[in-house]
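Structure first, then comments.
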Amino acid sequence: MIAPAHPQWITRMYPGKVGRDHLGLGSVSSDQILPTLSPGINMLTIHPRYFSFYVFLLDEYWRRDLPRSAEAFSRFYRPRECIFSIGASLCERPEHDRVTTIVGAQKTEGLARRALPAYDPGFNYIKSDLGGYGLYYRSVMAELEVIYPGGPKPLPYPLDVPSKHGKTIAAAFRRAIQHTRYYRDYFDHPDQPVPREVVQEYIHTACLCQLQREDAPDRKLLLDTFLHGGDARAAAARRETLRLFLDLTAQTDGSAVDQNAFRQLLLFGAEMGGATYTPQEPVALTYRRWRLYQAREYYAFALNGLWWHLCDWGIAEQGDLRPLPIEAFHEHIRGLLTFDPLAHQLGMAAPGLGPNASFARLLSWLRSTVGVDEPDFDALCLLDAPIHEHRLYTLAYDEASNDPQIFVPAMLALLALTYLRFGLPARWLEPDWPIAQMGADGRLSLDGFVKSLHHRLTRQAPTIADVARWLYDEYIIQQHLTVATSKLPENTFRFQREGHRLRFVNLYNSLQFNDSRFDALSTTLHELGLCGDLQIASHPLTTDGAQLLATGDLP
Amino acid sequence: MSEVQLPNQLNGPWDHLLILTYGMDLPFFEYALLRELPARCRNRIVLGDGAHLLEISEAHARDGLARAMNHRYVAEGIFSPQAAHAKLIMLTNPTQGRRANASYFACSAVFCWVTVNCSTFAR
């Protein structure tokens, strides 16, 4: 028996998505390197006082005779975080000057600006059931053992519970706010509007910015959490990174440092604004690890830049309408591998390097710009060199980046600089090198790149065009296909192989660094009362900060 | 007339799968379509144009994207003087089956609008 059949259209499924990290390079930094360097502080957990506030809410919930379910906790949690969010947007304390990334502020900031006589705790301030706790902080609070996570078996508790240390933090936060009218008269009545002056009185002591004050009852407890919480090895790594940041903070006092300056200070020991940094001996190894992280960011930027150019070329050549031969792209790239336009753009003498020049000549030219032999290159190729990573990175954002005659050689030169700094076998034996090896499991490690290039340069005499072909075949085309395939059924392909051709997809591509956690780490230090705000010129260390820098720990 | 969500057509109590296609996008088959098949469907065969299979096999030998080929399913080429470009999905068990034939489909993450003729049959 056969059921009748009719022709039908099939649904267009798996539509192309913009996606991100199309070569899988960013995930190595965000999922492997940065969690190793700064465990328990990530780019979204900016404010340490949220630890106090959230564990306080959790503790208050468990102190009441309420149903023990995720829904009941959400009902308890949301109105109280809503008022906190409105309050933090209303805060006028002098310490609040540069507090950003308040959970829910996208909606509550506008509400606060209207200066309403009273605020409704039931306002839908965020989509997520558990607001900033569920979205950002819960996992790190569990990692630092402020809470014990709950949920379906095999987890031991049906809901999250405060740890013993977490209860102490909650009690300290309670001491800070227990005399406020909000806590006394409104906290247990989430259905009642809260007058603006009540919210303001509450946030006067509860706000994120108030933790840095010496008299904040939860500050020392949170300091202890960040210095010693969770796994002992992770806590040690976190202490080392905080100490490194304090060293950098102390040496740059007088100059504002933002993420861009931080990246330059890591790689070059100086930044365009004039600040300089030389790590003290106790933080030297941590500094070298962070420096390798930043070197990898430039390396990743160069590869993403080459990928970006391939996608750009494919769409310009109408590769979304019919597949284009890969060989045609290689020919296109050959035509761009002349380094004179790049040198001209940088104000340097033309090196006369073309696609058929050996890659070794390109390396020689780069070495000659700082006038040194290979072993000294890393030490001498600094911000005052005529060509260095940051200049090439900046160039990519200039008008010149629209000119592939400059852009493609610049990205290749950036990779060549990476090789010159880290391509010496002796360097691979140093104790910080495991950072460079991260990403070896199916992604593109810095270690793999410099070793593969070293192997090629010692066994063969590849031309610049040979190296470009190798990079495009193995580091760009194959890697994108591998990464996009691993994300299926989410379709983030920008091109797909059809035999020896590529069919392109016309979707937006971005080209930028990934977050270095600089904002989160510097804000954490500042709000824990260890130093001033790094993004303001004057950012001296406090007594606690100086002691932590000197001894590596606090009692 | 309603549209067919083709990958969902693979769901069901099937023991056997046969796909005929021209271009074999094996990574797409492995990462997106295989997961739709029930565990009991052990006999999975994908046949495509032989010359095209040789071409993509060369690429996959380098990129490693078709890792389950000839392990979790059989992929083979049809070598004929002309291109082999029949398009068919057949799913069967001892008592029933489902067949979809079309002008262009299945093994591509970049789906096109195509007509498909789905029918079910039973003993």
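The values are calculated or read from the model by the stated rules, or taken from the named source; none is laboratory data. These numbers were taken from a predicted model, which means no experiment stands behind them. Using ideal geometry, Cβ is built from the backbone for each residue, glycine included, and neighbour counts are taken over all protein chains shown.
Summary of computed values
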| read-out | value |
| --- | --- |
| Number of the condition not met by A:GLU109 [criteria: (1) at pLDDT below 95; (2) not in a helix (DSSP H, G or I)] | (2) |
| Residue list for the stretch A:485-499, filter: within 8 Å of chain B (Cβ to nearest Cβ) and either buried (at least 21 other Cβ atoms within 10 Å of the Cβ) or of a type in the set (D, E, K, R) (or both) | A:THR485, A:ASN491, A:PHE493, A:GLN496, A:ARG497, A:GLU498 |
| Filter pass, A:ALA550 being of a type in the set (A, V, I, L, M, F, W, C), more than 30 Å from A:ILE102 (Cβ to Cβ) and surrounded by fewer than 17 Cβ atoms within 10 Å (Cβ to Cβ) | yes |
| Tally, over the stretch A:1-53, of residues that are in contact with a Cys (Cβ under 9 Å, 6 or more places away or on another chain) and either away from chain B (no Cβ under 14 Å) or under 27 Å from A:TYR508 (Cα atoms) (or both) | 5 |
| Index of the failed condition, A:ASN124 passing every other in (1) farther than 30 Å from A:ASP224 by Cβ; (2) without any contact (Cβ under 8 Å) to a residue 40 or more places away in the chain; (3) crowded, with 22+ Cβ neighbours inside 10 Å | (3) |
| Evaluation of A:ARG64 against (1) within 23 Å of A:TYR182 (Cβ to Cβ); (2) at pLDDT below 95; (3) more than 28 Å from the chain's Cα centre (by Cα) (one fails), failing number | (2) |
| Any hit, the stretch B:10-17, residues being part of a loop (DSSP other than H, G, I, E, B), aliphatic (A, V, I, L, M) and farther than 23 Å from A:GLN496 by Cα | no |
| Flag if A:LEU285 is under 30 Å from A:ASP247 (Cβ atoms) and surrounded by fewer than 17 Cβ atoms within 10 Å (Cβ to Cβ) | yes |
| Enumeration of residues in the stretch A:175-218 that are among the charged types (D, E, K, R), out of contact with any Ser or Thr (no Cβ under 8 Å at 6 or more places or on another chain), assigned to a helix (DSSP H, G or I) and closer than 24 Å to A:ALA105 by Cα | A:ARG181, A:ARG196, A:GLU197 |
| Sole residue being crowded, with 16+ Cβ neighbours inside 10 Å, part of a loop (DSSP other than H, G, I, E, B) and touching a helix residue (DSSP H, G or I) at 6+ places or on another chain (Cβ under 7 Å), chosen from A:ILE387, A:ILE406 | A:ILE387 |
| Qualifying strands (runs of 3 or more DSSP E) (wholly inside the stretch B:26-105; at least 1 residues being β-branched (Val, Ile, Thr)) | B:43-49, B:74-78, B:88-92 |
| Scan of the stretch A:480-496 for residues that are within 22 Å of the chain's Cα centre (by Cα) and closer than 15 Å to A:ASN509 by Cβ, ordered by number | A:HIS480, A:VAL483, A:ALA484, A:THR492 |
| Matching option when the condition is in contact with a Ser or Thr (Cβ under 9 Å, 6 or more places away or on another chain) and of a type in the set (Gly, Ala, Ser), among A:GLY532, A:GLY552 | A:GLY532 |
| Selection within the stretch B:29-47 - among the hydrophobic types (A, V, I, L, M, F, W, C) and within 10 Å of the chain's Cα centre (by Cα) | B:PHE29, B:LEU33, B:LEU34, B:ILE45, B:VAL46, B:LEU47 |
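Conditions (1) more than 14 Å from chain A (Cβ to nearest Cβ); (2) closer than 24 Å to B:ASP63 by Cβ; (3) among the charged types (D, E, K, R), marked per residue:
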{"residue": "B:GLY12", "(1), (2), (3)": "no, no, no"}
{"residue": "B:LEU18", "(1), (2), (3)": "yes, no, no"}
{"residue": "B:THR21", "(1), (2), (3)": "no, yes, no"}
{"residue": "B:ARG40", "(1), (2), (3)": "yes, no, yes"}
{"residue": "B:VAL46", "(1), (2), (3)": "yes, yes, no"}
